[in-house]
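A quick write-up on the structure given underneath.
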Amino acid sequence: MTRDNGRMACGIAATLGLVFAAAPALAQEMTSKIDGGDTAWMISATALVLMMTMPGLALFYCGMVRKKNVLATMAQSVACTAVCSLLWFAVGYSLSFAGDAPWLGTFERLFLRGIGMEATSVFAPTIPELLYVVYQMTFAIITVALIAGAVADRMRFSAFLWFVVGWLLFVYVPIAHWVWGGGFLASAGVLDFAGGTVVHLNAGVAGLVAAYVLGKRHGYGTDNFAPHDLSLAVIGTGLLWVGWIGFNGGSALGANARAAFAITATHLAASTGALTWMFLEWSTRGKPSVLGMITGAIAGLGAITPASGFVLPWHGVIIGLIAGAICFWACTWLKLRIGYDDSLDVFGVHGIGGATGTLLTGVFAVAALSASPDAPQGSPGLFEGNARQVLVQLYAVVAVLIWSGVLTYILLKVIGLLVPLRVSEPHEIEGLDVTQHGEALQ
């Protein structure tokens, strides 16, 4: 009995030792704020948004340019992905999402220092902060890449690289902080669920300014600028459309009902935008073009982006209808009236669509959907009796338009002092694939 009692005592002691040894780890796991379901969804959403640039936007854009500029157009998307990723890691994330100053963040997260295994962001408390970093990185990438469509066929690649660096740091980062990082627009109550101001209006205005500064393409208005291969653009549209599920649905920052609402409104807006453009073109030009349908879909997607997590599904249909009509007008009548050469209609689709969607967010926002722990009462829109929200949204549109427009102009002028902004006329005629990259499609 004594020997058995001794063995039992040793066993109890060993068990207690294991329990006490594991207690800190168990306690840490029990108190961790990271949710496995939210994390899994956000990993998927991050992959979807990255896919929107590579290969989505690359295919969408290259399918709409001439054959001699296909590789050069794709090279811009590749370069944006690489350059913006490293800049975001080094300084972009910290200046956008660290600190709560009204104008810019801090250097607290410079080179992502201080981010441990259990670290979370105040903006996404249920997923690892490092995952939030990469998710926001994909937004920065595609925003800069969008601008390339406005200057396709003529911008020198070296100048474009300088532009990517400067524009990300001096234009995108401050605006991202203003709207999403606790800056002055966030404090004013601006609603921008996934990037109507930060992404679409921002890129659209920059594209318009860049198109003016660089000037029109050689032969614009007289030569044939028909797309090389619209089938590539359709494939790119499909990748963008699917990727937008992560773009808008992921902006809920968790696997929850708001993500489902955002995804539903997004898909309905894209569908309505495509059909609206199709019928308008059919009635005015006699035939519905493939290019028109995919452009209308992108217009609907861009416009629903700021509203997607704040509105009901039927609101997505209305926003897609309005965006399809307004962007059609902007890319046809307005573009011809003003006379700018925005190669792939970045301003007409993303700039006008982003501004339209941002204002309509102030009209249709539902208090129950816009509620948050910090604002449990939500932010209702005009339809729920809060006309002030439309004015707040207009304030954001004006602030982003001015900052993006002025800073883009200054940046391009400074870069123009260092390297020529556009290729020479003989090189433009020969094509940027050969003259900028030494390659060509067979």
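Here is how the numbers come out for the structure above:
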quantity: Residue within the range 88-95 that is without any contact (Cβ under 8 Å) to a residue 24 or more places away in the chain, of a type in the set (Ser, Thr, Tyr) and in a helix (DSSP H, G or I) present; calculated: yes
quantity: Evaluation of residue 254 against (1) closer than 17 Å to residue 295 by Cβ; (2) crowded, with 16+ Cβ neighbours inside 10 Å (one fails), failing number; calculated: (1)
quantity: Residue 339 being without any contact (Cβ under 8 Å) to a residue 40 or more places away in the chain and over 17 Å from the mean Cα position of the chain (by Cα); calculated: yes
quantity: Any chance residue 401 is within 30 Å of residue 209 (Cα to Cα) and crowded, with 17+ Cβ neighbours inside 10 Å; calculated: yes
quantity: Any hit, the range 220-238, residues being surrounded by fewer than 24 Cβ atoms within 10 Å (Cβ to Cβ) and within 27 Å of residue 407 (Cβ to Cβ); calculated: yes
quantity: Selected residue [of a type outside the set (S, T, N, Q) and either more than 20 Å from the chain's Cα centre (by Cα) or farther than 30 Å from residue 38 by Cβ (or both)] from 167, 244, 180; calculated: 167
quantity: Qualifying residues in the range 366-395 (those that are within 25 Å of residue 172 (Cα to Cα) and touching a Pro at 6+ places or on another chain (Cβ under 9 Å)) - the one modelled with the lowest pLDDT; calculated: 370
quantity: Conditions (1) in contact with a strand residue (DSSP E or B) (Cβ under 7 Å, 6 or more places away or on another chain); (2) modelled with pLDDT under 95: number failed by residue 97; calculated: (2)
quantity: Residues located in the range 390-442, provided they are of a type in the set (D, E, K, R) and not in a helix (DSSP H, G or I); calculated: 422, 439
quantity: Test set (1) without any contact (Cβ under 8 Å) to a residue 60 or more places away in the chain; (2) crowded, with 21+ Cβ neighbours inside 10 Å; (3) not in a helix (DSSP H, G or I) - residue 277 fails condition number; calculated: (3)
quantity: The listed residue being surrounded by 13 or more Cβ atoms within 10 Å (Cβ to Cβ), of a type in the set (Gly, Ala, Ser) and within 14 Å of the chain's Cα centre (by Cα), out of 124, 140, 119; calculated: 140
quantity: Scope the range 96-122; condition in a helix (DSSP H, G or I) and either of a type in the set (Val, Ile, Thr) or within 30 Å of residue 188 (Cβ to Cβ) (or both); matching residues; calculated: 96, 97, 110, 112
quantity: Those helices (runs of 4 or more DSSP H) lying entirely in the range 297-364 with at least 2 residues at pLDDT 95 or above; calculated: 313-329, 352-364
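The values are calculated or read from the model by the stated rules, or taken from the named source; none is laboratory data. Bear in mind that the values here come from a model prediction, so they are computed numbers and not experimental data. Heads up, the Cβs are rebuilt from the backbone with ideal geometry, glycines too, and the neighbour counts pull from every protein chain shown.
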